[in-house]
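The values are calculated or read from the model by the stated rules, or taken from the named source; none is laboratory data. In this text the structure is predicted, and so the values were computed from the model without any measurement. Don't worry about glycine lacking a Cβ; one is built from the backbone with ideal geometry, like all the others, and counts go over all protein chains shown.
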Amino acid sequence: MYNFFFYAVPEHFPFLLQGALVTVELSLISMLLGTLLGFFLAVGRLSARRTLRWPLDAFVEVVRDTPLIVQLLLIYFSLPEAGIVLSAFWAGIAGLTLNLAAYLSEVFRAAIVAVDKGQREAAISLGMSPVAVYCRVIIPQAALASLPTLGGYFIALLKDCSLVSFISVNELLRHATIVISDTFDSMDTYIMVAIIYFMMSFVSARIIRYIELWLTPSNRRATISVPLTMDKEGAR
Amino acid sequence: MTEPRPPVLMVRQLRKTFQGNAVLKGVDLSLHEGEIACLIGPSGTGKSTILRCLNFLEQPEGGEITFFGQTLCAEGGNSNIFRIAPPRILQAARARMPMVFQHFNLFSHRTVMENVVEGQVVVLRRGRAEARDRARDCLARVGMLERADFYPDQLSGGQKQRVAIARALAMSPALILFDEPTSALDPQLVQEVQGVIRDLSAEGMTMLIVTHEMRFVRSIAHTVHFCEGGRIAESGSAADIFGPNAPPRIQTFMEVAHG
């Protein structure tokens with residue numbers, strides 16, 4: 001205990017936080033890219049065109065059926081043999097993005113399919129074009145419905161980022177490994193690591209919750225109070 | 001209705017099957033400007049399907065639909081190939097005959113005002129300010145202006161349906177299709193929606209209404225079409241259909257309908 005508070009923390013906590021910063025960068029960039037890619041994957045997989053649907057289905061299947069760590073190792077160590085050289089950081093981003101996109105495409109697909117048929121019919125019956133129906137009615141509702149799930153995936157992603165330490169990205173867990181190889185004090189170090197991960201996830205969860213409430217249509221009206229219920233239908 | 005102008009909507013031999021079941025076996029129907037026509041008849045006789053084929057929410061499979069002289073679908077020539085007009089023409093036609101649904105189908109992510117503005121801006125390309133003015137007008141006509149900033153899930157069924165009617169009105173329609181507009185409402189809310197439709201009839205709006213509310217039909221309809229077996233079995237004025245000399249099958253239906 002004494003050692004933890006008066007030696008390990010002041011000595012190594014700042015260095016671990018530097019790693020945590022990289023973890024946050026990885027998460028945010030992968031989340032952004034993965035969400036975009038996942039969205040387009042979902043729309044593509046719902047397309048009537050089989051030539052578009054089939055390869056995308058195959059991609060999602062392959063990504064979901066292999067471990068993330070294997071994907072990361074492949075991207076970092078095997079792609080250079082094919083002439084594609086990525087820095088560790090961007091290899092990590094690539095792996096996390098592809099992985100997340102595959103999972104999110106399922107979330108978005110479910111949310112799009114779950115939008116009430118009547119909404120589509122109402123839009124069509126006003127004379128909207130198929131693109132307008134999608135952009136003005138289906139997508140906004142599906143996005144709202146998938147938001148809570150999206151938040152869950154972000155928190156999972158924060159922690160999945162620890163896997164990129166295997167391809168030598170200097171994020172939180174790798175910094176911890178460095179500290180331990182210096183001090184042989186694995187217990188104190190891992191406790192600090194756990195605390196940092198907990199703080200990051202906890203804060204993210206609060207922020208996501210706040211965004212959800214803020215984006216829920218009926219909560220945006222200040223004049224009457226409504227119970228803060230979420231998500232009647234949609235993503236699972 | 002009196003002068004012999006060409007009908008707003010003309011339907012000939014409209015046919016539709018669902019999984020091999022013939023639902024519409026040749027429906028003939030015409031509707032004139034200012035006319036209020038009601039489709040009545042037992043459940044499952046294709047009343048709603050007729051409506052949904054008119055705006056191509058369902059694809060008809062045969063017959064002809066003409067709307068303001070524009071052919072929306074037809075069987076042409078010697079080969080008798082059934083053709084449907086290209087999407088852009090169908091979209092333009094839909095905008096002129098919006099539909100009011102049994103389950104309202106208000107856009108749940110938009111406020112009452114935005115619901116009424118949406119079609120005007122996206123489809124009719126009106127400016128936002130103009131669209132909002134028009135929306136305010138329409139909402140006032142259905143008595144929902146003070147709820148303009150509410151979301152649909154904060155409204156009662158009757159209020160939702162009134163907003164749905166305002167949304168249709170905002171499109172400056174030539175014809176409004178009503179698909180059982182009061183069937184999903186509690187009995188005490190039926191009146192408020194019927195009242196709005198009645199106000200529209202007083203203003204000369206052309207309407208095609210599918211409904212089971214016989215008293216309402218009797219009080220509002222110029223023409224009543226009785227559907228049975230995928231066809232329009234009888235047509236006539238409300239007085240004909242509801243009078244003592246009504247065809248026997250209608251009398252039978254009425255007895256059942258009034259239980």
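Among the numbered criteria (1) surrounded by fewer than 22 Cβ atoms within 10 Å (Cβ to Cβ); (2) free of Cβ contacts under 8 Å to residues at least 60 places away in the same chain; (3) within 13 Å of chain A (Cβ to nearest Cβ), which one does B:R96 miss?
Among (1) surrounded by fewer than 22 Cβ atoms within 10 Å (Cβ to Cβ); (2) free of Cβ contacts under 8 Å to residues at least 60 places away in the same chain; (3) within 13 Å of chain A (Cβ to nearest Cβ), the lone unmet condition for B:R96 is (2).
Of all residues in region A:122-181 being closer than 18 Å to A:I211 by Cα and free of Cβ contacts under 8 Å to residues at least 12 places away in the same chain, which is nearest to the other protein chains (Cβ to nearest Cβ)?
Result: A:P140.
Please state which one of B:L51, B:L124, B:L72, B:L106 is closer than 22 Å to B:S30 by Cα and either within 11 Å of chain A (Cβ to nearest Cβ) or without any contact (Cβ under 8 Å) to a residue 12 or more places away in the chain (or both). Spell out how you get there, then give the answer.
On the way: B:L124 fails: closer than 22 Å to B:S30 by Cα; B:L72 fails: either within 11 Å of chain A (Cβ to nearest Cβ) or without any contact (Cβ under 8 Å) to a residue 12 or more places away in the chain (or both); B:L106 fails: closer than 22 Å to B:S30 by Cα.
Within the list B:L51, B:L124, B:L72, B:L106, the selection yields B:L51.
The conditions are (1) farther than 21 Å from B:P181 by Cα; (2) out of contact with any strand residue (DSSP E or B) (no Cβ under 8 Å at 6 or more places or on another chain), and B:L72 fails exactly one of them. Which is it?
(2)
Quick one: A:L96 ticks every box in (1) more than 13 Å from chain B (Cβ to nearest Cβ); (2) closer than 18 Å to B:L106 by Cα except a single one, so which number is it?
(2)
Residue by residue, here is whether (1) of a type in the set (A, V, I, L, M); (2) touching a Gly at 6+ places or on another chain (Cβ under 9 Å); (3) surrounded by 16 or more Cβ atoms within 10 Å (Cβ to Cβ) holds:
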position	(1), (2), (3)
B:P6	no, yes, no
B:V11	yes, yes, yes
B:F18	no, no, no
B:I40	yes, no, yes
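How about region B:115-136: which of its residues are farther than 17 Å from B:A95 by Cα and small (G, A, S)?
B:A129
Do you know which residues across region A:71-86 are outside any helix (DSSP H, G or I) and surrounded by fewer than 12 Cβ atoms within 10 Å (Cβ to Cβ)? If you could, list the steps in order and put the result at the bottom.
Restricting attention to region A:71-86, the residues satisfying the condition of being outside any helix (DSSP H, G or I) are A:83-86.
Hits for region A:71-86 are A:G83, A:I84, A:V85.
Just checking, how many residues over region B:140-188 are closer than 28 Å to B:E58 by Cβ, of a type in the set (A, V, I, L, M) and part of a helix (DSSP H, G or I)?
Residues meeting the conditions: 6.
Quick check on region B:133-144: of everything there that is in contact with an Asp or Glu (Cβ under 9 Å, 6 or more places away or on another chain) and over 10 Å from B:A170 (Cα atoms), which residue is surrounded by the most Cβ atoms within 10 Å (Cβ to Cβ)? Before the answer, list the steps.
First pass over region B:133-144, keeping only residues in contact with an Asp or Glu (Cβ under 9 Å, 6 or more places away or on another chain): B:135, B:139, B:141-143.
Checking the rest, the ones that are also over 10 Å from B:A170 (Cα atoms) come to B:141-143.
Details: B:R141: 17, B:V142: 24, B:G143: 15.
Residue satisfying both the conditions and the ranking: B:V142.
What number goes with the only condition from (1) away from chain A (no Cβ under 11 Å); (2) out of contact with any helix residue (DSSP H, G or I) (no Cβ under 7 Å at 6 or more places or on another chain) that B:A131 does not pass?
Failing condition for B:A131: (2).
State all residues of region A:109-121 that are outside any loop (DSSP other than H, G, I, E, B) and either more than 8 Å from every other protein chain (Cβ to nearest Cβ) or aliphatic (A, V, I, L, M) (or both); if no residue qualifies, say none. Don't jump to the end; show me each part of the working.
Keep residues of region A:109-121 that are outside any loop (DSSP other than H, G, I, E, B), which gives A:109-114, A:117-121.
Result: A:R109, A:A110, A:A111, A:I112, A:V113, A:A114, A:K117, A:R120.
Considering only region B:80-133, how many residues are farther than 23 Å from B:D179 by Cα, within 22 Å of the chain's Cα centre (by Cα) and charged (D, E, K, R)?
Counting residues in region B:80-133 that are farther than 23 Å from B:D179 by Cα, within 22 Å of the chain's Cα centre (by Cα) and charged (D, E, K, R) gives 1.
If you scan region A:50-61, which residues turn out to be surrounded by fewer than 16 Cβ atoms within 10 Å (Cβ to Cβ) and touching a residue at least 12 places away in the same chain (Cβ under 8 Å)? Break it down into steps so the answer makes sense when it comes.
So the first thing to find is which residues in region A:50-61 are surrounded by fewer than 16 Cβ atoms within 10 Å (Cβ to Cβ), and the list is A:50-55, A:57-58, A:61.
The answer is A:D57, and nothing else.
If you check A:S30 against the conditions, is it assigned to a helix (DSSP H, G or I) and at pLDDT 95 or above?
Numbers: assigned to a helix (DSSP H, G or I): yes; at pLDDT 95 or above: yes.
For A:S30, the condition - assigned to a helix (DSSP H, G or I) and at pLDDT 95 or above - is met.
A:S30 - would you say it is under 20 Å from A:F166 (Cβ atoms) and hydroxyl-bearing (S, T, Y)? Give the derivation first.
On the way: under 20 Å from A:F166 (Cβ atoms): yes; hydroxyl-bearing (S, T, Y): yes.
Criteria met by A:S30.
Going by what's in this entry, would B:L90 be described as within 14 Å of chain A (Cβ to nearest Cβ) and buried (at least 23 other Cβ atoms within 10 Å of the Cβ)?
Answer is no for this residue.
Conditions: (1) of a type in the set (A, V, I, L, M, F, W, C); (2) over 30 Å from A:Y134 (Cβ atoms); (3) over 21 Å from the mean Cα position of the chain (by Cα); (4) part of a helix (DSSP H, G or I). A:A20 meets all but one. Number of the miss?
(3)
With the requirement that a residue be among the β-branched types (V, I, T) and part of a loop (DSSP other than H, G, I, E, B), what does region A:34-70 give you? Spell out the reasoning first.
If we filter region A:34-70 for residues that are among the β-branched types (V, I, T), which is where we start, we get A:35, A:43, A:51, A:60, A:62-63, A:66, A:69-70.
Scanning region A:34-70 gives a single hit, A:T66.
For B:A174, state whether it is within 13 Å of chain A (Cβ to nearest Cβ), surrounded by fewer than 23 Cβ atoms within 10 Å (Cβ to Cβ) and touching a Phe, Trp or Tyr at 6+ places or on another chain (Cβ under 8 Å).
Details: within 13 Å of chain A (Cβ to nearest Cβ): yes; surrounded by fewer than 23 Cβ atoms within 10 Å (Cβ to Cβ): yes; touching a Phe, Trp or Tyr at 6+ places or on another chain (Cβ under 8 Å): yes.
In short, yes.
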